[in-house]
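Trainee: Just dropping this structure here.
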């Protein structure tokens, strides 16, 4: 039986804590983390540092009346990278979201250093418009 790579285990911990434990999420990030969300939506942008990234993630609750959540599908990881494929679900402004998405995560010293969100469906833009 193969053991899971530590960066994959880290990614699983972050997903398990999403919407539940901001301290666990913050502890998984480098102090100078950079988080990128493409597009021209209310959530798009580049967020810097643990505090700013956690505040950004916490906005998903108020923006969706608490309906936004994610279901991790799979994680691939090595010493430098993790790729998380997940299902994003929620309801906002009369629009339901149920799409696959990905995070491309650069890892360093056992922490998330950079995260780039990769929407895999144009419904992401409509939902967050």
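Trainee: I'm trying to understand the selection: among the residues of region 1-45, which are closer than 18 Å to residue 71 by Cβ, part of a helix (DSSP H, G or I) and in contact with a helix residue (DSSP H, G or I) (Cβ under 9 Å, 6 or more places away or on another chain)?
Mentor: 13, 14, 16, 17, 24, 25
Trainee: While we're here: Does region 77-95 contain at least one residue that is assigned to a strand (DSSP E or B), without any contact (Cβ under 8 Å) to a residue 60 or more places away in the chain and more than 21 Å from residue 118 (Cβ to Cβ)? I'd like the intermediate steps shown before the answer.
Mentor: Kept after step one, since they are assigned to a strand (DSSP E or B), are these residues of region 77-95: 77, 81-92, 95.
Subset that is without any contact (Cβ under 8 Å) to a residue 60 or more places away in the chain: 83, 85, 87-92, 95.
After this cut, where a residue has to be more than 21 Å from residue 118 (Cβ to Cβ) as well, the list is 91.
Checked region 77-95: at least one residue is assigned to a strand (DSSP E or B), without any contact (Cβ under 8 Å) to a residue 60 or more places away in the chain and more than 21 Å from residue 118 (Cβ to Cβ).
Trainee: Could you give every pair whose Cβ atoms fall below 6 Å, whose first residue belongs to region 101-127 and is on the phi > 0 side of the Ramachandran plot and at pLDDT 95 or above, and whose second residue is surrounded by 17 or more Cβ atoms within 10 Å (Cβ to Cβ) and not in a strand (DSSP E or B), counting only separations of at least 6 or pairs across chains?
Mentor: none
Trainee: Tell me, please, whether a residue that is part of a strand (DSSP E or B) and under 24 Å from residue 6 (Cα atoms) can be found in region 55-65.
Mentor: So the first thing to find is which residues in region 55-65 are part of a strand (DSSP E or B), and the list is none.
No, there is no match, as no residue in region 55-65 is part of a strand (DSSP E or B) and under 24 Å from residue 6 (Cα atoms).
Trainee: Can you name the residue in region 1-37 that is within 13 Å of the chain's Cα centre (by Cα) and over 19 Å from residue 110 (Cα atoms) and is also surrounded by the fewest Cβ atoms within 10 Å (Cβ to Cβ) among such residues? Outline the logic, then answer.
Mentor: Just the residues of region 1-37 that are within 13 Å of the chain's Cα centre (by Cα), to begin with: 10-19, 22, 25-26, 28-29, 33-37.
When the remaining residues are screened for being over 19 Å from residue 110 (Cα atoms), the result is 19, 36-37.
Details: 19: 16, 36: 14, 37: 19.
So the residue we want is 36.
The values are calculated or read from the model by the stated rules, or taken from the named source; none is laboratory data. These numbers were taken from a predicted model, which means no experiment stands behind them. All Cβ positions, glycine included, derive from the backbone under ideal geometry; neighbour counts span all protein chains shown.
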